[in-house]
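Quick notes on the structure that follows.
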Amino acid sequence: MEKFSLYHLIKDTVSTHAERPCFWVRLDKQEFGAVSYANWRSDMKSIQAFFIYELGVKKGERIALLCDNRYEWTLLCFAIDTIGCVDVPRGTDATEQDITYILNHAEAPIVIVEHEKMLRKLADCIGELPNVHTIISIEGPEKYKNYEKIIEEIEENRLRMGKSSKNGNINFYFLIDIINKGYELLRIKGEEEIRRRGESIQPDDLATIIYTSGTTGTPKGVMLTHRNFCWEISQIQLVSPISEEDRVVVFLPPWHIAERVLEFTLIACGASIANSNVMMLANDLQTIKPTFLVSVPRVWEQLYKRIYDNLRKQPEKNQKIFHFALNIAGLYMDSLDHLLDRVALTEEETLQDKLIRKFIAVIGLILSAPLILPARKILSRIRDIFGGKLRFALSGAGALPVHIADFFRYCGIPIVDAYGMTETTAVCVMGRLPWPKRECVGPPLPGAHVQLRDEFGRIITKPGVKGVAWHKGPHVMKGYYKMPEKTEEVLKDGWLNSGDIFVWTTTGEIKFAGRAKDTIVLAGGENVEPEPIEVRLTSNPFIQQAVVVGQDQKTLGVLIYPNVERVKEELKAKVQLPENLEEWNHIKEVRHLFSEILKEEVSSKNGFKAFERVTHFYLIPEELKKGVEMTETMKVKRNKVFEKYAMQ
């Protein structure tokens, strides 16, 4: 059921699940300790007491939260939102330019930083932040070498730049001191003001301003309301089997809308959460044994390649056994999916074609059924990587390559594809469990409206015809903060232009087909969507990353970061490869290898048209980096890549 506001959501879930574990907090590298919903809410109230009674924060005041994935992020986020304030989140990889722009644009007087490194970054740009009067550090004084010196630098930098706070000197606090002082204030002043502030929140009140990292241009502040979040959470609860029995390891940036809505939904369901990071993820999966997992396509790709890299190191006999088991499981699942119509089609099939397809599926099922149990036993080792309890997984923030979704599906892990934007409060289209349809994202959420429109604005209903997705519903943003002209560009009569290209399937799902802003127009006038080509290329074990180029050119080219170890292994009998990857571009054995890969992968047999074929390539010397050439969710910032390699 949809809640009235995030305050009411927290109030109800804590009342229902008070003694259940809400978070698993790391005690050391291997051990976690449980924090109950009741204790979590108590700490939240102490923070709110300090905000209200000590800092005097008003309803609607913006509070910046510069922090990565950790327990305190969600605690602080809800502490801010459930007293009617507005959080302005960003990760610690934000540049000084980003920080300066966002904090000034949002006019945030209070800034919460995660640690010393972030405080130093803030110190360097504090002279350009006249609105800031209070800084709070999540990590305590024991994690700092000399925090007093940094505070002195902050004051000096502000004076040196000829700026001063509109509210006097900078106040600095550690979170642990705020919590302790907050409990003292609660004993003296009580909780009535916290309750009154929470009850006064209306559904259309602003909850957050999320500045999109984006792949182009200046960050835009997406305004999302309490209704946006509460409606979105209620919709996800309708279509997914999340319950209080679930345990989830989270490791994506928490300020990113997909991760944030996930954590909010888990809390609404009474589930428990363990915060992790890429370095600790493998160990944490074994310790926590999550029941489901959420990630982005790039992480699934890395897991897939790592599994195969490890497999190649096994004895040949073990490799053959694994591949035999995978082939049996694949035949069984493919047959079952076709028999139960779990494969999406973009063209209507005749009755004869359907009967033939199902007859072949029955034969496949008969052949594979006797061996499916031993095959599953062998493939259960893949599930063991995730702790052995994984029921399903979610993938969002990009198109999940079909071969990767199929691989994990064969191993007994259904990956539910989800599509959405920050502007639609995360998910608006999502596959359905227990086994989502293949070859598509899925149908819209029950209360979400989606239209596909052609270049003339005409609504597309025919399956297989490309169109830009437009969205309408309670999940659509309020607009871009202080950018009415940008808001008007994408919001028309309540409909949001996503800029993403899809096609309808014959059964009402949508299938990703590209992004309008990424479309490459060749010299001959042909329009090419680069992402399907890139997805196909990166499915090849020799290619780690690929960015298709060719605007206004006769044919397409591609920038490739190779799987270095695989290429060396493949060519070790023919040539000794240098460490400098740029030199690889002039080695004939390397050029022949990648030329053949391009011919094989981007071909008519794989569904590509003649003008979509890639005729030339360049091997780039270093991997595209998150926060530089890629966003936090691993989407390519094409303009940054093009600028960097323009001469190639």
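The values are calculated or read from the model by the stated rules, or taken from the named source; none is laboratory data. None of these values were measured; they are calculated from a predicted model. FYI the Cβ positions are ideal-geometry reconstructions off the backbone, even for glycines, and counts take in every protein chain you see. Only protein heavy atoms, including side chains, enter the accessible area calculation; ligands, DNA and RNA are left aside. Shrake-Rupley method; radii C 1.70, N 1.55, O 1.52, S 1.80 Å.
Could you look through the range 386-404, keep only residues that are closer than 12 Å to LEU293 by Cα, open to solvent by less than 20 Å² (accessible area, probe 1.4 Å) and part of a loop (DSSP other than H, G, I, E, B), and pick out the one that is modelled with the lowest pLDDT? Across the range 386-404, the extreme among qualifying residues is GLY396. Residue pairs whose Cβ atoms lie under 6 Å apart, sitting 6 or more positions apart in sequence or on different chains, and linking a residue in the range 572-595 that is surrounded by 12 or more Cβ atoms within 10 Å (Cβ to Cβ) to a partner that is assigned to a helix (DSSP H, G or I) and acidic (Asp, Glu), are LYS574/GLU589; VAL575/GLU589.
Scanning the range 206-236 for residues that are open to solvent by 40 Å² or more (accessible area, probe 1.4 Å) and at pLDDT 95 or above returns a single hit, ARG227.
The residues of the range 558-577 that are under 24 Å from VAL641 (Cα atoms) and either outside any helix (DSSP H, G or I) or touching a His at 6+ places or on another chain (Cβ under 8 Å) (or both), listed by number, are VAL558, LEU559, ILE560, TYR561, PRO562, ASN563.
Determine which member of the set ILE307, ILE288 is under 17 Å from PHE23 (Cα atoms) and touching a residue at least 60 places away in the same chain (Cβ under 8 Å).
Working: ILE307 fails: under 17 Å from PHE23 (Cα atoms).
Only one candidate passes the filter, namely ILE288.
Is it true that LYS317 is basic (Lys, Arg) and open to solvent by 60 Å² or more (accessible area, probe 1.4 Å)? It is true that LYS317 is basic (Lys, Arg) and open to solvent by 60 Å² or more (accessible area, probe 1.4 Å). Suppose we filter the range 501-513 for residues that are in contact (Cβ under 8 Å) with a residue 40 or more places away in the chain and touching a strand residue (DSSP E or B) at 6+ places or on another chain (Cβ under 7 Å); how many remain? Count: 9.
Assess whether SER380 counts as being small (Gly, Ala, Ser) and exposed (fewer than 14 other Cβ atoms within 10 Å of the Cβ). Reasoning before the result, please.
Numbers: small (Gly, Ala, Ser): yes; exposed (fewer than 14 other Cβ atoms within 10 Å of the Cβ): yes.
Here the answer is yes, as SER380 does meet what is asked.
Determine, yes or no, whether ILE267 is crowded, with 18+ Cβ neighbours inside 10 Å, at pLDDT 95 or above and β-branched (Val, Ile, Thr). It would help to see each step written out before you state the result.
Working: crowded, with 18+ Cβ neighbours inside 10 Å: yes; at pLDDT 95 or above: yes; β-branched (Val, Ile, Thr): yes.
Yes: the conditions hold for ILE267.
Which one is nearest to THR346 (Cα to Cα) among residues in the range 596-611 that are acidic (Asp, Glu) and surrounded by fewer than 13 Cβ atoms within 10 Å (Cβ to Cβ)? Walk me through how you get there before you give the answer.
To start, the set of residues in the range 596-611 that are acidic (Asp, Glu) comprises 596, 600-601.
Okay, now just the ones that are also surrounded by fewer than 13 Cβ atoms within 10 Å (Cβ to Cβ), so 596, 600.
On the way: GLU596: 30, GLU600: 24 Å.
The qualifying residue nearest to THR346 (Cα to Cα) is GLU600.
Give the residues of the range 237-251 that are touching a strand residue (DSSP E or B) at 6+ places or on another chain (Cβ under 7 Å) and open to solvent by 20 Å² or more (accessible area, probe 1.4 Å), sorted by residue number. I'd like the intermediate steps shown before the answer.
Quick first cut of the range 237-251, residues touching a strand residue (DSSP E or B) at 6+ places or on another chain (Cβ under 7 Å) only: 239, 246-250.
Across the range 237-251, the qualifying residues are VAL239, ARG247.
I need the strands (runs of 3 or more DSSP E) fully contained in the range 405-500, keeping only those with at least 1 residues that are closer than 26 Å to PRO254 by Cβ, in contact with a strand residue (DSSP E or B) (Cβ under 6 Å, 6 or more places away or on another chain) and open to solvent by 20 Å² or more (accessible area, probe 1.4 Å).
Working: elements: 415-421, 426-430, 449-453, 467-472.
The strands (runs of 3 or more DSSP E) meeting that bar are 415-421, 426-430.
Cβ-Cβ contacts under 7 Å between residues 6 or more apart (or on different chains), taken from a first residue in the range 127-148 that is closer than 17 Å to ILE178 by Cα to a second residue that is of a type in the set (S, T, N, Q) and in a loop (DSSP other than H, G, I, E, B), are listed as HIS133/SER165; HIS133/ASN167.
Somewhere in the range 295-307, is a residue closer than 20 Å to LEU433 by Cβ, at pLDDT 90 or above and under 21 Å from the mean Cα position of the chain (by Cα)? No, that holds for no residue.
Of the residues that make up the range 612-635, is at least one farther than 24 Å from GLU301 by Cα and not charged (D, E, K, R)? Quick ask: steps written out before the conclusion?
Going through the range 612-635, the residues farther than 24 Å from GLU301 by Cα turn out to be 615-616.
Those left that are additionally not charged (D, E, K, R): 615-616.
Checking the range 612-635: at least one residue is farther than 24 Å from GLU301 by Cα and not charged (D, E, K, R).
The set of residues in the range 578-610 being within 32 Å of the chain's Cα centre (by Cα), in a loop (DSSP other than H, G, I, E, B) and of a type in the set (S, T, N, Q) consists of SER603 alone.
Inclusion of PRO290 among residues that are over 25 Å from PRO436 (Cα atoms) and buried (at least 21 other Cβ atoms within 10 Å of the Cβ) is not warranted. In the range 310-326, the residue that is farthest from ARG376 (Cα to Cα) out of those that are free of Cβ contacts under 8 Å to residues at least 60 places away in the same chain and aliphatic (A, V, I, L, M) is LEU311.
Please enumerate the residues belonging to the range 180-212 that are of a type in the set (A, V, I, L, M, F, W, C) and out of contact with any helix residue (DSSP H, G or I) (no Cβ under 7 Å at 6 or more places or on another chain). The answer is ILE188, LEU206. The numbered conditions (1) within 24 Å of PRO401 (Cβ to Cβ); (2) modelled with pLDDT under 85; (3) basic (Lys, Arg) are all true for ARG613 except (2).
If you go through the range 505-550 and keep only what is open to solvent by less than 20 Å² (accessible area, probe 1.4 Å), out of contact with any Leu (no Cβ under 9 Å at 6 or more places or on another chain), within 14 Å of LYS635 (Cβ to Cβ) and part of a strand (DSSP E or B), you end up with just GLY514.
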